[in-house]
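The next block holds one structure in the form of structure tokens; read it before the comments.
The values are calculated or read from the model by the stated rules, or taken from the named source; none is laboratory data. Everything numeric here is computed off the predicted structure, so don't read it as measured data. Here the Cβ positions follow ideal geometry from the backbone for every residue, glycine too, while neighbour counts run over all protein chains shown. For accessibility, only protein heavy atoms count, side chains too; no ligands or nucleic acids. Shrake-Rupley method; radii C 1.70, N 1.55, O 1.52, S 1.80 Å.
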Amino acid sequence: SSMSVIEKATKARKLMSMTRDARNKLSLLLDATGHQIFNDGLYNGDPHPGNILVLECGKLGLIDYGQTRSLTKHDRLALAAVVCALGKKTVDMNEVSNAMNEFGFHSRDNNEENIAKFAALYFDSDAAGKSLGYATPQKYLQHLNSIDPMVDVPDPAVFVARTSFLFRGLGALLQQQLHTSQHWKKHAKIAIDTKGEDMQLYNLGITPIVSE
């Protein structure tokens, strides 16, 4: 009936609106986490949906800081170099690989192209694996390890990569292919430009800054 068509259209619009709102909130979370990682050096390593509250005023609240991780200035700057290299329109495999080596990543054969693919998987997206037919990031990781296994993975990188994976999983639920380096590169660039010394309170654009 015509009424059922109208109802379906209304439901579709409502679902699209909810999805758009959720994507906006996810973008805000990515922004806040990028600032925590690259500028604060202290971040929540477990930003899954159960640890995120939507407040009545519309703001987001992060709870459960049991998986808080800290990064030294060296780690922040080394990671920032990786993310900035990944975030460029034209990615230079050599630049990414060198940044990964500087961070502490080393593979058996030092295959630069493969190391750059590891970097993209850890800190950007698993789109390359999907394009090759690998159903999960784990299977794609196995494939990369079969080419040139990673023998050194710096501890500070593990939880940042896990955080990136969590966000990308949330994006997948919203039918969105997320590239975390695109969201984090502005914070990475600030860290590099200020040599890791920018420890100011970051304004996300929703909180008025009160000057003294």
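Results, tabulated for the structure shown:
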| quantity | calculated |
| --- | --- |
| Relative contact order of the chain, defined on C-alpha pairs under 8 angstrom at six or more residues apart (%) | 28 |
| Of all accessible heavy-atom area on the chain, the percent that carbon and sulfur account for (1.4 Å) | 57 |
| Cα shape, the stretch 36-103, gyration tensor, a/c 1.5 rule | prolate |
| Expected 222 nm ellipticity per residue - DSSP helices of 4 or more, -39500 (n - 2.57), all of the chain, to 500 | -18500 deg cm²/dmol |
| GluC sites (Glu not before Pro) within the stretch 74-149, DSSP loop, no more than 15 other Cβ atoms inside 10 Å | none |
| Rounded, prolate or oblate (a/c below 1.5 giving rounded, otherwise prolate when a/b exceeds b/c) for the chain by Cα gyration tensor | oblate |
| Euclidean distance of C-alpha centroids, the stretch 136-196 and the stretch 113-128, integer Å | 7 |
| Accessible area of Tyr134 in the full protein assembly, 1.4 Å probe (Å², nearest 10) | 70 |
| Under DSSP loop assignment and at most 10 Cβ neighbours within 10 Å, longest trypsin sites (Lys or Arg not before Pro)-free interval of the chain | 90-194 |
| Accessible area expressed per residue, the chain, with surrounding protein chains retained (probe 1.4 Å, Å²) | 57 |
